[in-house]
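The values are calculated or read from the model by the stated rules, or taken from the named source; none is laboratory data. The structure displayed is predicted, hence computed values, not measured ones. Counting neighbours? That spans all protein chains shown, and the Cβs are built from the backbone with ideal geometry, glycine included. Surface areas here come from the heavy atoms of the whole protein model, side chains and all, with no ligands, DNA or RNA. Shrake-Rupley method; radii C 1.70, N 1.55, O 1.52, S 1.80 Å.
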Amino acid sequence: MFKKYLLVFLTSMVPLIELRGAVPIGLSNFLGNSLPIIQLYIICIIGNMLPVPFIFFFARKVLEWGANKKFIGKFFTFCLEKGEKGGKKLQETAGRGLYFALFLFVGIPLPGTGAWTGTLAASFLDMDFKKSIIAIMAGVVLAGIIMGLASAGVFGAASAIFA
C-alpha cells in the first residue's frame, strides 16, 4: 500500500502528468486496491503543489541563464519566448480576471495545462505570488475533481444517458 501512495505522490510531481495522471492511478487496481479518495486527493494535491514555489521563483531565472549556452540555448530561448508570448496573450484575453483565468487554465485538464505551466505563466507575468498560489491550488483541486469523476465513469454514463 505504501508503494502505491509513493507512486501517486511522485507521479503528481511530474510535469505534464501531474495530478491528472496520479488520480486515475490511485483509483485503479494497479499495485493493489484503489486508495481511499480523501487520502488520494490530499497526497496528489501536496505532490502537485510541492514544485510550484520553486517553479515560480527559479524557472525563469534558469531559462534566462541557459538562453546563451551552447547546447541548451536554443531550447531555453524557445521556452522563454513561448512563455512570454503565452503570458501576454493570457493577460490580454483575461484583462482584470487574470487570476480566474489562471485558475481555469490549471483546473481544466487539457494537454499542456496544469500547475507547472500555470506557475511558469504567472512567473512570466510577474503576478502576485500569494494570489497565484491560491488560483493554482484551486485549479489543482478542480482538476482532481474532474479526473476523479472521469475515472469513475461519470462523464461516460452522462453521455450515454443524454445522447
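Against the conditions (1) surrounded by 13 or more Cβ atoms within 10 Å (Cβ to Cβ); (2) at pLDDT 90 or above, Ala121 satisfies every one except (2). With respect to (1) under 20 Å from Gly139 (Cβ atoms); (2) surrounded by 12 or more Cβ atoms within 10 Å (Cβ to Cβ); (3) polar (S, T, N, Q), the lone exception for Thr93 is condition (2). Consider segment 9-37 and keep the residues that are open to solvent by 70 Å² or more (accessible area, probe 1.4 Å) and modelled with pLDDT under 90. The one that is farthest from Thr117 (Cα to Cα) is Asn33.
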